[in-house]
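In what follows, a structure is listed as structure tokens, so that the remarks can point back to it.
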Amino acid sequence: MKNFIYILFGIIILTGCETAPCECEVPSNGGNGTFEVKMGSNDGLEVFDAIDKAWGALDYEALKSYVSEDAVMKFADGKVAVGGDEFVSMIQKEVEEWGEAEYVNWSTDYKFSLATTSDNDESTNVDEGDWVNAQFTVELKSPVDGDIRNVFYEFYHIIDGKVVSWDQFKRGEKE
């Protein structure tokens, strides 16, 4: 009987110590005075992963499916595409110029998702969706202007599973 009481008491203690779910405010890690920046959701990262996979496989139809019809896509060389069709057309030209093996030879160095609080402006979408930031490195098969690798920084604004804007920046490295 004594063991039964100890076991019952142990069960009561273990089940009675359940913690309530945290309804904590997500901490901000920046902003501009109008809105705050916080960690984004995994949803944006999942879309990014799908885009990265389609781009690496040169699956143009899949790639287009993740780009909003009026998305503004800015390449590192200053070219701008609007929508998935123009975006894919520019990628196809790059593949022709560089060669497929050189073009799809990147590694993703990092990726993370950010979001913003409301900017109290209905005319913008800055406070919607996720902002995914990623870095890629391309080891060049032969140097270009003395560069042996290129590092790309890309910023994807993703709303409801589609890229609505994309910006790309590139830095060449000598060693």
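Which of the residue pairs 111/170; 141/174; 38/79; 38/162; 38/64; 74/162 have a Cα-Cα distance greater than 25 Å in the structure shown? Walk me through the numbers on the way to the answer.
On the way: 111/170 16 Å; 141/174 13 Å; 38/79 30 Å; 38/162 20 Å; 38/64 28 Å; 74/162 16 Å.
From the list (111/170; 141/174; 38/79; 38/162; 38/64; 74/162), the Cα-Cα distance tops 25 Å for 38/79; 38/64.
Checking every one of the chymotrypsin sites (Phe, Trp or Tyr not before Pro) in the range 70-175 against DSSP loop status and a limit of 12 other Cβ atoms within 10 Å picks out no site at all.
Quote the FRET efficiency, to the nearest 0.05, computed for residue 141 versus residue 59 with a Förster distance R0 of 22 Å and r equal to the Cβ-Cβ distance.
Values: r = 23 Å, r/R0 = 1.05.
Approximately 0.45, to the nearest 0.05.
Residue order for 148, 51, 91, fewest other beta carbons within 10 angstrom first, comes to 148, 91, 51.
For the pair residue 108 and residue 90, label points projected 7 Å from Cα toward Cβ lie 2.1 nm apart.
What order do you get for 73, 90, 39 when you list them from fewest to most C-beta neighbours inside 10 Å? The partial results should precede the final answer.
Working: 73 24, 90 16, 39 13.
Neighbour counts put them in this order, fewest first: 39, 90, 73.
Amide hydrogen proximity for residue 127: with H placed 1.01 Å from N in the peptide plane, the residues at 5 or more positions away or on another chain lying under 5 Å are 119. Annotation: amide H-H contacts under 5 Å for residue 40 (H modelled 1.01 Å from N, sequence separation of 5 or more, or interchain): 113, 114, 115. Here's how it looks for residue 76: its modeled amide H is under 5 Å from those of 168, which are all 5 or more places away or on a different chain. For the range 111-121, the Karplus equation 6.51 cos²θ - 1.76 cosθ + 1.60, evaluated at θ = phi - 60°, returns couplings of 7, 8, 10, 10, 9, 10, 7, 4, 9, 6, 9 Hz by residue, with Gly and Pro reported as x.
The range 57-133: which GluC sites (Glu not before Pro) are DSSP loop and have at most 13 other beta-carbon atoms within 10 angstrom? Before the final figure, lay out each step's value.
On the way: sites: 61, 69, 86, 94, 96, 97, 100, 102, 122, 128; in loops: 122, 128.
Those satisfying the criteria are 122.
Here, each number is a calculation from the coordinates, and none is a lab measurement. Predicted model only: the values in this text are computed from it and were never measured. Cβ: placed from backbone, ideal geometry, glycine included. Neighbour counts: every protein chain shown.
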